[in-house]
1. Residue farthest toward the positive end of the dipole of segment A:3-124, with Cβ of Lys/Arg at +1 and Asp/Glu at -1: which of A:Gln8, A:Ser88, A:Ser114?
2. Roughly how large, in nm² to one decimal, is the mean projection of the convex hull of the alpha-carbon atoms in segment A:3-124?
3. Is the shape of segment B:46-198 best called rounded, prolate or oblate, per the rule: a/c under 1.5 gives rounded, else a/b larger than b/c gives prolate, else oblate, with a ≥ b ≥ c the square roots of the Cα gyration tensor eigenvalues?
4. By how many degrees, 0 to 90 and rounded to 10, does the Cα axis of helix A:155-165 deviate from the longest principal axis of chain A?
5. Of the candidates B:Asn180, B:Asn30, B:Asn97, which one comes out as most mobile in a Gaussian network treatment of chain B with C-alpha springs shorter than 10 Å?
6. Which ³J(HN,Hα) values in Hz, rounded to whole numbers, follow from the phi angles of segment B:110-127 under the Karplus curve 6.51 cos²θ - 1.76 cosθ + 1.60, where θ = phi - 60° and Gly and Pro get x?
7. Which links in A:Lys161/B:Lys58; A:Lys91/B:Lys127; B:Lys5/B:Lys113 stretch past 29 Å when you go from one Cα to the other?
8. Just tell me how shielded A:148-156 is by partners: mean number of partner chain Cβ atoms within 10 Å of each residue's Cβ, no decimals.
2 protein chains.
Amino acid sequence: MDSLKAKQNFRLHLEPYAVFTDSEWELFCNHLEFVSLKKKEYFVEAGKVCQHFGFVHKGSVRYFHVSDGTDITGYFSFENEFMSSYKSFLKQEPAVNYIQTLEDTELILISHKSLQQMLADERLAYKMERFGRLVAEYYLCCYEDRVAAFITQSPEERYLKLLETGRDILQRMPQHYVANFLGITPVSLSRIRRRILA
Amino acid sequence: MDSLKAKQNFRLHLEPYAVFTDSEWELFCNHLEFVSLKKKEYFVEAGKVCQHFGFVHKGSVRYFHVSDGTDITGYFSFENEFMSSYKSFLKQEPAVNYIQTLEDTELILISHKSLQQMLADERLAYKMERFGRLVAEYYLCCYEDRVAAFITQSPEERYLKLLETGRDILQRMPQHYVANFLGITPVSLSRIRRRILA
DNA sequence: TTATTTTCTTATCTTAAGATAACGTTTTCT
DNA sequence: AGAAAACGTTATCTTAAGATAAGAAAATAA
């Protein structure tokens with residue numbers, strides 16, 4: 001991976017959350033790790049502590065749970081989106097889920113240890129606290145919407161909404177992943193699709 | 001309301017998120033508002049911007065959506081818990097939900113304007129950023145669990161889990177509020193309860 | 001206290017989702 | 001290219017949830 005380009009792109013996409021001076025940016029970059037994963041490789045596995053907060057530079061990942069042998073999709077992250085098993089990462093406790101790449105994927109990572117170091121480094125602390133706050137707030141809002149969708153909408157309504165706003169999900173994800181992202185089975189989504197066409 | 005006691009209690013419950021020096025605490029307290037609401041009064045109404053982030057000193061509140069005339073519970077907050085229509089508050093956009101007291105309730109409030117002032121005040125900025133980050137992260141983790149419950153568990157399983165962990169919800173909330181908190185109708189919850197007893 | 005509203009249960013009917021299996025198609029792997 | 005795996009649809013059967021209405025019990029208000 002071209003880590004120079006990746007860094008530039010990362011800096012750009014961080015702007016809503018943190019604008020670094022050049023010297024801050026240099027300190028920050030010392031903590032970044034660049035990792036390329038092949039399709040279907042795991043970034044997080046259930047039972048292990050998620051050690052990194054990540055940014056998808058290229059490719060995409062899927063976050064899913066496994067129960068009774070079937071896997072159930074929680075969400076997806078595409079290019080230029082953050083990705084982590086947040087609870088596991090933040091609390092440094094074993095994850096209850098997996099994160100797996102869906103394609104060959106390039107990630108920029110910040111380890112929990114690095115984050116703590118930056119939060120403890122006077123030169124970066126304030127900016128990192130703010131960065132963390134804004135990222136967490138962003139995801140808080142996303143989750144608020146997602147919970148609202150589950151309690152106020154039927155599966156069919158959730159699918160129709162996804163059709164409107166669906167980002168890359170519908171184009172790039174196999175339908176059975178989309179199905180349990182919506183909280184239903186693949187068979188059920190197939191029926192919903194037919195119902196809508198009729 | 002005894003605002004001195006309320007302040008003390010608030011300071012105690014903020015400790016996981018922010019520990020203030022006495023002088024910081026004094027600055028912080030200048031921004032606090034103390035409000036008593038009667039049962040069934042509204043703290044947030046759909047269509048209006050949520051202006052405050054709140055802490056429940058006494059009593060309890062319910063967060064709910066209204067669609068097609070029926071109301072659907074999103075969550076509850078009890079004594080010593082935070083409460084806000086986060087997305088509306090953070091983005092200062094119209095809320096899509098209501099927040100209503102369930103009993104006579106005493107709240108400690110921070111207005112959006114006050115929060116911005118504190119974030120801009122050199123003497124408090126760092127601590128407030130950190131405070132904001134830790135609160136947002138806390139709720140992020142709660143929401144992560146809540147979404148996981150919707151996609152991995154059946155309504156019955158969610159109810160059984162609530163029986164185990166249910167805080168005050170089951171004791172203090174009417175059952176039809178609990179029902180749509182679980183994403184189902186009151187009638188359906190009643191059936192689940194019967195099924196479990198049998 | 002009486003009247004009214006709220007709350008919970010139960011019953012009926014309709015609708016849709018889950019489980020499972022079969023089949024054809026497409027993709028992936030070697 | 002050929003074999004295997006993954007994917008999407010369809011069908012059947014079972015189960016449970018939604019909609020609606022009615023009635024009893026409890027809480028609240030006048």
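Coordinate-derived values only; no laboratory data. The model shown is predicted, which means the values in this text are computed figures rather than measured ones. FYI the Cβ positions are ideal-geometry reconstructions off the backbone, even for glycines, and counts take in every protein chain you see.
1. A:Ser88
2. The directionally averaged projection comes out at 7.5 nm².
3. prolate
4. That works out to roughly 50 degrees.
5. It is B:Asn30.
6. 10, 6, 4, 4, 4, 4, 4, 5, 5, 5, 9, 8, 3, 6, 10, 3, 4, 5
7. Those over the limit are A:Lys161/B:Lys58.
8. Going residue by residue through A:148-156 and averaging, the value is 5.
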